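Worksheet for the structure shown next.
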Amino acid sequence: MLIRSRSSVPANYQIEIGPRTRSDVPGFDAISVTFASDEHTSKPMTFLLSTDGKTLAQFNKYDISDDPKQLISDAGRPARGGPANAPVVVVGFDDLECPYCAKMHAEMFPALTERYKNQVRVVYKDFPLVQIHPWAMRGAVDVDCLAAQSPAGYWNLVDYIHAHAAEMGGPDRSVAKANETLDSLTREEGKRQKVDAAKLDACIAKQDQTAVLASMKLGEDLGVDSTPMLFVNGEKFTGGALPMKYMYKMIDKALIAAGQTPPPPPADEPTQASPAAPAKPGN
């Protein structure tokens, strides 16, 4: 009852409390608490309960010993924008079936490229919301199969899927049809990029989720619980709900911290996303 009232937990959520375990705080034990409804289950939260049972506490502990930029590596991922030594790296956790990701995706790259040129490097990491997006995992695996041979093909395919996600699966939103379409689009883009077709086919057929699951685990460890979620030199930015001008401010701050001068502000900063409609991959 105390946890429900103090945490403002809605009545339709059930509270599951784990066993008491030893904590790092003298005089307190740790208990794991999970909030669950019919549609959603939270990540476990750690509460502290005094050994005399009279005090309940909850706080977060952060390790600040490492450079935040180094916590989210862009190594091994296809990149857009600046070179590997660009002073600012934007890492986005992306879901190809997410409409908010598509909206941000359509605006972000043209805006950042126009404003910052080679000062900003952008990479995506996979974070398919598999509970609500049934073909997002397939999409992540397929585009990564292509990325292994063609970074340019990867971005062409990501552009297209984001722009046409609502059409995947046809009018009845068939997951099987969506999966077939994703496989076909990946092979077509691979052909345009002249990649090893046999190797690409084998990767698509295998549907190895290992790398995607590792990316999801990294996101969860960093507090990613929705998409899109961006990190600017390691600093979290919830990109789906904020105008681009706030990202500009964060990037400008990161450039100054890196000893560089940000470009002058644009005359008319965009206030909301204006999705583009890319043509088919490679066009």
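I'm trying to understand the selection: among the residues of segment 181-217, which are hydroxyl-bearing (Ser, Thr, Tyr) and touching a Leu at 6+ places or on another chain (Cβ under 6 Å)?
THR186 - this is the single residue of segment 181-217 that is hydroxyl-bearing (Ser, Thr, Tyr) and touching a Leu at 6+ places or on another chain (Cβ under 6 Å).
I'd like to verify a number: residues in segment 96-149 that are among the hydroxyl-bearing types (Ser, Thr, Tyr) and either at positive phi or crowded, with 19+ Cβ neighbours inside 10 Å (or both), how many?
Residues flagged as among the hydroxyl-bearing types (Ser, Thr, Tyr) and either at positive phi or crowded, with 19+ Cβ neighbours inside 10 Å (or both) within segment 96-149 amount to 2.
Only residues that are more than 26 Å from GLY82 (Cα to Cα), outside any helix (DSSP H, G or I) and among the small types (Gly, Ala, Ser): list them for segment 199-234, please.
Those that are more than 26 Å from GLY82 (Cα to Cα), outside any helix (DSSP H, G or I) and among the small types (Gly, Ala, Ser): GLY223, SER226.
Residue check: is ASP221 surrounded by fewer than 16 Cβ atoms within 10 Å (Cβ to Cβ) and modelled with pLDDT under 95?
yes
Going by what's in this entry, would ALA214 be described as in the same structural domain as LEU96 (by TED's automatic domain parsing), within 17 Å of the chain's Cα centre (by Cα) and surrounded by fewer than 18 Cβ atoms within 10 Å (Cβ to Cβ)?
yes
Quick one: in segment 180-193, of everything that is of a type outside the set (Lys, Arg) and over 21 Å from PRO134 (Cα atoms), which residue is surrounded by the fewest Cβ atoms within 10 Å (Cβ to Cβ)?
Selected residue: GLU188.
Within segment 238-255, is even one residue closer than 20 Å to VAL91 by Cβ, touching a Lys or Arg at 6+ places or on another chain (Cβ under 6 Å), in contact (Cβ under 8 Å) with a residue 24 or more places away in the chain and not acidic (Asp, Glu)?
No, that holds for no residue.
Going residue by residue through segment 242-256, is there one that turns out to be acidic (Asp, Glu) and modelled with pLDDT under 90?
Taking every residue of segment 242-256 in turn, none turns out to be acidic (Asp, Glu) and modelled with pLDDT under 90.
Rundown of residues vs (1) in contact with a strand residue (DSSP E or B) (Cβ under 6 Å, 6 or more places away or on another chain); (2) within 17 Å of ASN156 (Cα to Cα), yes/no style:
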{"site": "HIS105", "(1), (2)": "no, yes"}
{"site": "GLU114", "(1), (2)": "no, no"}
{"site": "VAL123", "(1), (2)": "yes, yes"}
{"site": "TRP135", "(1), (2)": "no, no"}
{"site": "VAL143", "(1), (2)": "no, yes"}
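Go through segment 160-179 residue by residue and tally those that are surrounded by 14 or more Cβ atoms within 10 Å (Cβ to Cβ), free of Cβ contacts under 8 Å to residues at least 12 places away in the same chain and part of a helix (DSSP H, G or I).
Counting residues in segment 160-179 that are surrounded by 14 or more Cβ atoms within 10 Å (Cβ to Cβ), free of Cβ contacts under 8 Å to residues at least 12 places away in the same chain and part of a helix (DSSP H, G or I) gives 2.
The values are calculated or read from the model by the stated rules, or taken from the named source; none is laboratory data. The model shown is predicted, which means the values in this text are computed figures rather than measured ones. Cβ atoms come from the backbone with ideal geometry, glycine included; neighbour counts cover every protein chain shown.
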